[in-house]
């Protein structure tokens, strides 16, 4: 129950409030057995009459039963072969009813004849004895006694009584119905099918509930299921004693039923169990449980539990669960929840534990939330004013979850249900359930398709993230400490395993969570990358500026553009610019380093060429200067010689007389 939460000191009111049974009214006693006025006589007329009637009945019964035994000729005709509704006997046609197949000869051993000491002593009665009239009277006596005991909700027949009844049956043991469920002490199992109807039939769905400390209203609520069970062949399991403290008997009982069913052969076990709280009143027995279950042989074979919510979240008052290993794991976890998570606050006890576990990635992919009104509706009266969660005419049942004066409200709806009114017991095809179910599962199919597409897109982005992280670790991992690098590797492997897990690869919440953890773990790596990129950016800028300077000095584009080395520098500068102009989070360190090295190499090649040209120019200039110097020196020498010659001629002229005019036509 989700609203009403009694304390642990009080009894389990969500199951059944305690109240005494209704007393027998004196008006119901026959007139001749009613007490008359007190008289002083010890043996009054009425007492003597009562005593004589009792003695007469005892004597008559003794005479009749003592005269009848198995040796009389009143035996029924021998039934040599009686049909046994076991898996090994199958009717070939209707005419074969009542005729059993020949029993196969089984070898001694596990499935053959057992040793005498292996036979239980308390079941040593003769299973093949002929039916007798005395046995019929004994069976009649047991039936009357059981009927009287059934009026007491606290009585349960003992195993020995059941065995004695089987031993004195009018028919042989082969004709007795086989109860495939080994019931617990304090458990009642009510089969919706009669003995004849169970022949060859398989019960696919069962129901279960808990009812102890119950009063007449709660017992009446359970009886509203009887017609539903008969109409659809459901088996109802009722636990009438407490297994665990407080409300934890509920998940423990469901777990025991699941384990009991899984212990059977697959052909005999139930496929689904419908849990119903005892405070539910079934209003329309024409609604089969199948209408609320996933369509068979569909994409929803992985849905193992259908639940509904109310304003407090999960309401586990009514829900169907598939009988399989998944359900065993779930209810094992619920039963053990408070022991393994003692600090968790469980506001609604077992319901809160179940709610928390259904959100766990192990269980969440295999559940689906159905409309509350389907099988967990709350009371309401008029369709035009009803909320979506409230009951409408023709609906399956009404649930009185945690409401005040619950018993009074239950009696009101019990009176209505027990009238079997046509406007409430509507045939399935005349209700909205079939169309609602088709629309619901079609919507779930569309949601699944959209979720798969979204998950595929998310997986693609996550795979890109993983590749990016791996690349960054390869490029900058040496800048991280061992702890940071190990944490990143762990989160990366967890995310990669989730994406590659076929069962959980569509879990968007889990993928998003792990992707966030990976991004959080890579924060130290991001900081190291930012520092490294600053250094790399400065280096790239120096290379670009140097290249552009070389192009400018080389006159690239101004008549010097045909130089191959300058063209190479120009292309390398463009490549490096393109790499560093993108956002830094998209930088590829390897490509940038390669482009920087290529530009540096091209510049070095051009530099060597320029340096060689400059050296040649300087050598030529030096040679020119040397020749000019030699020429100047030669010219100076010639001038000096000329001056010397001129001086010597002048001295000769002074020492000799002038005889004639000087000859100006000679050599200089």
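In table form, for the structure just shown:
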item	result
Which listed residue is within 26 Å of residue 421 (Cα to Cα) and either in contact (Cβ under 8 Å) with a residue 24 or more places away in the chain or under 24 Å from the mean Cα position of the chain (by Cα) (or both), from 255, 283, 262	283
Residue satisfying all of: in the stretch 491-504; assigned to a helix (DSSP H, G or I) and touching a helix residue (DSSP H, G or I) at 6+ places or on another chain (Cβ under 8 Å); farthest from residue 590 (Cα to Cα) among these	498
Among (1) touching a helix residue (DSSP H, G or I) at 6+ places or on another chain (Cβ under 9 Å); (2) assigned to a helix (DSSP H, G or I); (3) surrounded by fewer than 18 Cβ atoms within 10 Å (Cβ to Cβ) - the single one residue 486 does not satisfy	(1)
Lone qualifier among 255, 282 - being within 30 Å of residue 196 (Cβ to Cβ) and touching a helix residue (DSSP H, G or I) at 6+ places or on another chain (Cβ under 6 Å)	282
Those residues of the stretch 419-447 which are closer than 28 Å to residue 513 by Cα, touching a residue at least 24 places away in the same chain (Cβ under 8 Å) and surrounded by fewer than 16 Cβ atoms within 10 Å (Cβ to Cβ), in sequence order	445
Among the candidates 514, 576, residue that is touching a helix residue (DSSP H, G or I) at 6+ places or on another chain (Cβ under 6 Å) and closer than 30 Å to residue 455 by Cβ	514
Pairs with Cβ under 9 Å, 6+ apart, first in the stretch 44-73 and modelled with pLDDT of 75 or more, second part of a helix (DSSP H, G or I) and surrounded by 11 or more Cβ atoms within 10 Å (Cβ to Cβ)	61/137
Checklist (1) out of contact with any strand residue (DSSP E or B) (no Cβ under 8 Å at 6 or more places or on another chain); (2) modelled with pLDDT of 90 or more; (3) in the same structural domain as residue 313 (by TED's automatic domain parsing) applied to residue 382, failing item	(2)
Complete set of residues in the stretch 321-337 that are under 19 Å from residue 266 (Cβ atoms) and either in a helix (DSSP H, G or I) or in contact with a strand residue (DSSP E or B) (Cβ under 9 Å, 6 or more places away or on another chain) (or both)	321, 322, 323, 325, 326, 327, 328, 329
Test: residue in the stretch 604-618 that is under 30 Å from residue 529 (Cα atoms), assigned by TED's automatic domain parsing to the domain that holds residue 531 and either at pLDDT 90 or above or part of a helix (DSSP H, G or I) (or both)	yes
Matching residues, the stretch 286-297, being part of a loop (DSSP other than H, G, I, E, B) and under 27 Å from the mean Cα position of the chain (by Cα)	288, 293, 294, 295, 296, 297
Top-ranked residue of the stretch 469-483 - restricted to ones that are buried (at least 17 other Cβ atoms within 10 Å of the Cβ) and within 24 Å of residue 511 (Cα to Cα), ranked as modelled with the lowest pLDDT	472
Pairs with Cβ under 8 Å, 6+ apart, first in the stretch 492-507 and surrounded by 12 or more Cβ atoms within 10 Å (Cβ to Cβ), second in a loop (DSSP other than H, G, I, E, B)	498/504; 498/505; 498/507; 499/505; 504/361; 507/361
Residue in the stretch 256-264 that is under 21 Å from residue 402 (Cα atoms) and crowded, with 20+ Cβ neighbours inside 10 Å present	no
Which numbered condition residue 466 fails, given (1) within 25 Å of residue 296 (Cα to Cα); (2) surrounded by 16 or more Cβ atoms within 10 Å (Cβ to Cβ)	(1)
Conditions (1) under 18 Å from the mean Cα position of the chain (by Cα); (2) surrounded by fewer than 16 Cβ atoms within 10 Å (Cβ to Cβ); (3) at pLDDT below 95; (4) within 26 Å of residue 278 (Cβ to Cβ); number of the one not met by residue 311	(1)
Count of residues meeting criterion [outside any helix (DSSP H, G or I), out of contact with any strand residue (DSSP E or B) (no Cβ under 9 Å at 6 or more places or on another chain) and under 22 Å from residue 243 (Cβ atoms)] in the stretch 345-367	2
Scope the stretch 309-334; condition touching a helix residue (DSSP H, G or I) at 6+ places or on another chain (Cβ under 7 Å) and under 22 Å from residue 234 (Cα atoms); matching residues	316, 318, 320, 321, 323, 327, 328
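The values are calculated or read from the model by the stated rules, or taken from the named source; none is laboratory data. Everything quoted here is computed from the prediction, not taken from an experiment. A quick note on method: Cβ atoms are made from the backbone with ideal geometry, for glycine too, and the neighbour counts reach across all protein chains shown.
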